[in-house]
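Data first, discussion second: the structure below is written as structure tokens.
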Amino acid sequence: MGCPVFFDPNLLRAFVAVVETGGFTKAGERMNLSQSAISHQIRKLEEQAGSALLKRTTRRVTLTDDGEDFLRHAEQILAAQSLLVRRFQKAPITGAVRLGVPETYAGDRLTAMLSRFSRRFPAVRLDVAVQSYGVLNEQIHAGTLDLAVNLFLQEDVEWPVLRRTRFVWATGSRFEHEPEKALPLALAPSPCIHRHVCIEALVEAGLEWQVTFTSASQQGLRSAAKSGLAITVALQDDIQDGLMVAGNGLGLPALPAASFRLMRSGAVRTPAIEALEAQLLHAGDVENPIGALAAVAQPRCVGTP
């Protein structure tokens, strides 16, 4: 009878991280390890399992059939270990954390992460507010928020990066534009970074434009764009559900890259705040299932000849 195999929880976490992030590099960023270290851990895990768990290509990582079964068991083991730690942890973290996020970040990925945080720290009360970029900046400096996710164009800022993205021209499949007419725009009222990026790019390109639809809600702007009423500036991550990236045929200028970063208030530092901060930093962009990043990297386009 052979010796029983012991699967190191750290190796299991590395495996789950690769699956959730879709790659070795992002898994390393999540776990604060190098890509080579993650690769070594996965090779060691596959040796212990006696089977290939992942299929690797130059563009993506997918699960093998054995990998699908292994993932289910690995998640159950890690969940059970987490429950065991919480059950016998003698000094649970308590308190409240005030978190602010923009509408463009407050999607399923964030709520799933916050749900995991609440299960891990049941004695911590979360107060989450969805606000505009400008209000978030004001509130974090005023100390009325403990943490805030905000969008930045600049690279030379002190706040750590959670996710990188890019502005794109977005509209629906029925959008038509005659070059001799002003470009119809759907934008949020000023001040708004999307509006600033849009108008600055059009002015520098010497193109005529006209705001035909104004809404403070990103959902409202997306609806106007999807209908073909106007074109808007969105983040690359938001191109879904009927939105398309406007192609080169419309003659629109390139738009800049941006990044979501985590801002911290200097007013108060508590174990609860630090715990949520750590989870946000480690989570980053990890809610994408395997292969989802390929759809973001190659969005559908309209207006391309």
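Every read-out reported here was derived from the displayed coordinates using simple, explicitly stated rules and does not represent laboratory data. The shown structure was predicted, so the numbers you read here are calculated from the model rather than taken from an experiment. Glycine also receives a Cβ, built like all others from the backbone with ideal geometry; neighbour counts cover every protein chain displayed.
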Gaussian network model of the chain, Cα within-10 Å springs - most flexible of 171, 58, 25: 58
Antiparallel DSSP beta bridges within the chain, as percent of all bridges there, nearest 5: 55
Listed residues 55, 226, 26, most fluctuating in the chain (Gaussian network, C-alpha, under 10 Å): 55
Equivalent ellipsoid semi-axes - Cα gyration tensor, region 14-85, angstrom: 19, 16, 11
Helix-derived mean residue ellipticity, 222 nm - over the chain, DSSP H n ≥ 4, -39500 (n - 2.57), to 500: -12500 deg cm²/dmol
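Normalised by the empirical 2.2 N^0.38 Å for globular proteins, what value does the Cα Rg of region 121-233 take?
Against the compact-globule rule of thumb, the ratio is 1.29.
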Residue of 268, 124, 97 that the Gaussian network model of the chain assigns the largest fluctuation, springs spanning Cα pairs under 10 Å: 268
Label-point gap, in nm, between residue 75 and residue 44 - each point 7 angstrom along Cα→Cβ: 2.5
Point-to-point label distance, residue 58-residue 25, nm (Cα→Cβ direction, 7 Å offset): 1.4
Karplus-derived 3J(HN,Hα), 6.51/-1.76/1.60, for each residue of region 9-26, Hz, glycine and proline x: x, 5, 5, 5, 5, 5, 4, 4, 5, 4, 5, 6, 8, x, x, 6, 5, 5
Calculated SAXS-style log₁₀ I(q)/I(0) at q = 0.10, 0.21, 0.22 Å⁻¹ - region 5-149, Debye, Cα scatterers: -0.48, -1.22, -1.26
Total lysine pairs whose alpha carbons fall under 25 Å of each other in the chain (8 or more apart, or interchain): 4
Gained length - residue 82 relative to residue 65, 0.36 nm times residue gap less alpha-carbon distance: 3.5 nm
Whole-number D in µm²/s for the chain (Stokes-Einstein; Kirkwood sum over Cα pairs; 4 °C, 1.567 mPa s): 60
Two-site FRET efficiency, residue 241 against residue 37, from Cβ-Cβ distance with R₀ of 45 Å, rounded to 0.05: 0.75
Residues residue 94 and residue 7, FRET efficiency given R0 of 30 Å [Cβ-Cβ distance, rounded to 0.05]: 0.40
Inter-site label distance for residue 204 and residue 181 at 7 Å from Cα along Cβ, in nm: 2.8
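Can you say what percent of the DSSP beta bridges in region 148-258, counting only those with both residues inside, are antiparallel? Round to 5.
In region 148-258, approximately 55 percent of DSSP beta bridges are antiparallel ones.
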Relative contact order [Cα under 8 Å, 6+ residues apart], the chain, whole percent: 23
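Where the only charges are on Cβ atoms (+1 Lys, Arg; -1 Asp, Glu), what is the dipole of the chain about its Cα centre, to the nearest 20 debye?
It comes to approximately 820 debye.
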Region 115-160-region 11-80 distance, computed between alpha-carbon centres (Å): 30
